[in-house]
Amino acid sequence: MASEARMSPLGDAFGHHVWATIGLIDACLPLTAKQLETTVPGTYGSILDTFRHIVGADSSYLFVLTGGEVAEVDEASLDLPAMRAEMVRNGERWTKLLARDLDPAASVTRLRDDGSKSHAPLGVRLTQATQHGTDHRSQIATALTSLGLEPPDIDVWAFASSQDRISVTPAPA
């Protein structure tokens, strides 16, 4: 996402969101099926189910925010490689969406399966997408730690460094 000629004000937020999710998926690709079923009290569910939830929700947010231009995915059927591929596509989709002339106060309505509707400003929905991913990535990192594994460094500073989006000037000698 950082290669965009004119970056959106939210480009780094969504660039980090996609990069961190892909990085965490990559860290979990070598895990066994048993390890992917690890759950930790107070978290969403197993590592695999939490990834499915993150990726499924991400596509769902895009579905709502693009007026159906982006299809929702059947998250229950996704394995880690399929989720990784979906997040790569979602990175491109977020970039395309954020390049539009967006009004953060515009009301966006979501029609739920039960027939109910939720109404929220676009800015709130965009914030939800990034916060949701951060929350659940943290839960997966906790599950990895419970397995004695070191989760990858996926914080914003690591993202910025990986994208050459930060520099440091040493203190004077």
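Arrange the peptides 98-106, 130-138 so that the one whose residues have, on average, the most other Cβ atoms within 10 Å appears first.
Per-residue Cβ counts within 10 Å, averaged per peptide and sorted highest first, yield 130-138, 98-106.
Using a Gaussian network model of the chain whose springs link C-alpha atoms within less than 10 Å, name the residue from LEU31, LEU144, LEU80 with the highest mean-square fluctuation.
Of the options given, LEU31 has the highest mean-square fluctuation.
I'd like to know which of HIS53, LEU36, ALA106 lies farthest towards the positive end of the charge dipole of the range 36-173, counting +1 on Cβ of Lys and Arg and -1 on Cβ of Asp and Glu.
So the residue furthest toward the plus end is ALA106.
So which residue, out of GLU37, GLU86, GLU75, gets the largest mean-square fluctuation from a GNM of the chain using Cα contacts under 10 Å as springs?
In this elastic network of the chain, the residue with the biggest mean-square fluctuation among GLU37, GLU86, GLU75 is GLU37.
With θ set to phi - 60° and the Karplus curve 6.51 cos²θ - 1.76 cosθ + 1.60, what are the ³J(HN,Hα) couplings of the range 135-149 in order, to the nearest whole Hz, using x for Gly and Pro?
4, 6, 4, 4, 5, 5, 4, 5, 5, 4, 4, 5, 8, x, 9
Where does the chain land at 222 nm, in deg cm²/dmol rounded to the nearest 500, when only DSSP H runs of n ≥ 4 count, each adding -39500 (n - 2.57), divided by all residues?
It comes out at -17500 deg cm²/dmol, rounded to the nearest 500.
Quick one: grab the alpha carbon gyration tensor of the range 74-123, order the square roots of its eigenvalues as a ≥ b ≥ c, and give me rounded if a/c is under 1.5, else prolate or oblate depending on whether a/b is larger than b/c.
Oblate is the answer for the range 74-123, as a/c is 1.5 or above yet b/c matches or exceeds a/b.
How high is the relative contact order of the range 36-123, in percent, counting Cα pairs under 8 Å that sit 6 or more residues apart?
20 percent
Pull out the extension gain between VAL124 and ALA82, defined as 0.36 nm times the separation in residues minus the alpha carbon to alpha carbon distance; nm, one decimal.
12.3 nm
Classify the range 85-173 as rounded, prolate or oblate from the Cα gyration tensor: take a ≥ b ≥ c as the square roots of its eigenvalues, call it rounded if a/c is under 1.5, otherwise prolate when a/b beats b/c and oblate if not.
In terms of gyration-tensor shape, oblate.
Send over a whole-number figure in Å² for the accessible area per residue of the range 9-135, probe 1.4 Å.
Accessible surface, normalised per residue, equals 50 Å².
Evaluate the Debye formula for the range 1-89 with equal point scatterers sitting on the alpha carbons, no solvent, and hand back log10 of I(q)/I(0) at q = 0.14 Å⁻¹, in q order, two decimals.
Debye output, listed in q order: -0.55.
Given a 1.4 angstrom probe, I'd like the percentage of the accessible area of the chain that is carbon and sulfur, rounded to a whole number.
Here it works out to 54 percent.
Which residues among the range 92-109 fall inside the zone where the amide N is under 19 Å from a point 7 Å beyond the Cα of GLU72, along Cα→Cβ?
Residues passing the 19 Å test: 94, 108-109.
Could you tell me which label, among (1) 123; (2) 137; (3) 155, carries the value of volume of the Cα convex hull per residue in Å³ calculated for this structure?
Looking at volume of the Cα convex hull per residue in Å³ for this model, the match is (3).
The values are calculated or read from the model by the stated rules, or taken from the named source; none is laboratory data. Everything quoted here is computed from the prediction, not taken from an experiment. Positions of Cβ are generated from backbone atoms using ideal geometry, with glycine treated the same way; all protein chains shown enter the neighbour counts. Calculation scope for accessible area: heavy atoms of the full protein, side chains included, ligands and nucleic acids excluded. Shrake-Rupley method; radii C 1.70, N 1.55, O 1.52, S 1.80 Å.
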